[in-house]
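Working notes, beginning with the structure itself.
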Amino acid sequence: MVAPDDRDDLIQEAYCHITELPSFDHIERPAAFFFRIVRNLLISQLRHNRVVNIETVSEIGVIAGMDEAPTPERIADGRREYHRVRKAIADLPERCRLIFELRKIEGLSQKDIARRLGVTETIVENEGARGLRLIIEALRQQGEQIAEHYTSLRERKRARRP
């Protein structure tokens, strides 16, 4: 079960997210859009806490069942996430990026990559793991920046309340 104070924070954060949209014209089902934002925020919070109450999981299931069709918002979120990952890959050191792309995107084996680049399989394995670590760290840092942004918005809105 989500605590009442947490509910208010989730709702407030969802409203902050909505107010930052440049336009509302693309939202076909406002209620479904709002609940999707709340659901995503709740899931992020649960991942951060790493302790999940079974009642909370069932509540998420109810919210998740409200609308499973891909919406323009879900598609846009997916595209934004894709671009974040592609940027993190592009920012890798050159050899690390090349090995990561050959292994994870093109699906080549470590042996084939090593032969193609003239390096050992150990180098391919180490650079692939290094690339994954760097990408995860870059995405984590971006996520923290986004969370800090929404937290500051929420705090500013609370400060304006009478």
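The values are calculated or read from the model by the stated rules, or taken from the named source; none is laboratory data. Remember, it's a predicted structure, so these values are computed and weren't measured experimentally. The area values use the complete protein model at the heavy-atom level, side chains included, leaving out ligands, DNA and RNA. Shrake-Rupley method; radii C 1.70, N 1.55, O 1.52, S 1.80 Å.
Out of the total accessible area of region 114-162 (probe 1.4 Å, heavy atoms of protein only), what percent is carbon and sulfur? Mind showing how you got there, number by number?
Values: 1910 of 3610 Å².
Within region 114-162, the accessible surface is 53 percent carbon and sulfur.
Before I look further, what does region 92-155 give for accessible area per residue, probe 1.4 Å, in whole square angstrom? Walk me through the numbers before you get to the answer.
Working: 4050 Å² over 64 residues.
Accessible area per residue: 63 Å².
What is the extension gain from Arg161 to Val85, computed as 0.36 nm multiplied by their sequence separation minus the C-alpha to C-alpha distance, in nm to one decimal?
Details: separation 76, 0.36 × 76 = 27.36 nm, distance 3.75 nm.
Gain on stretching Arg161 to Val85: 23.6 nm.
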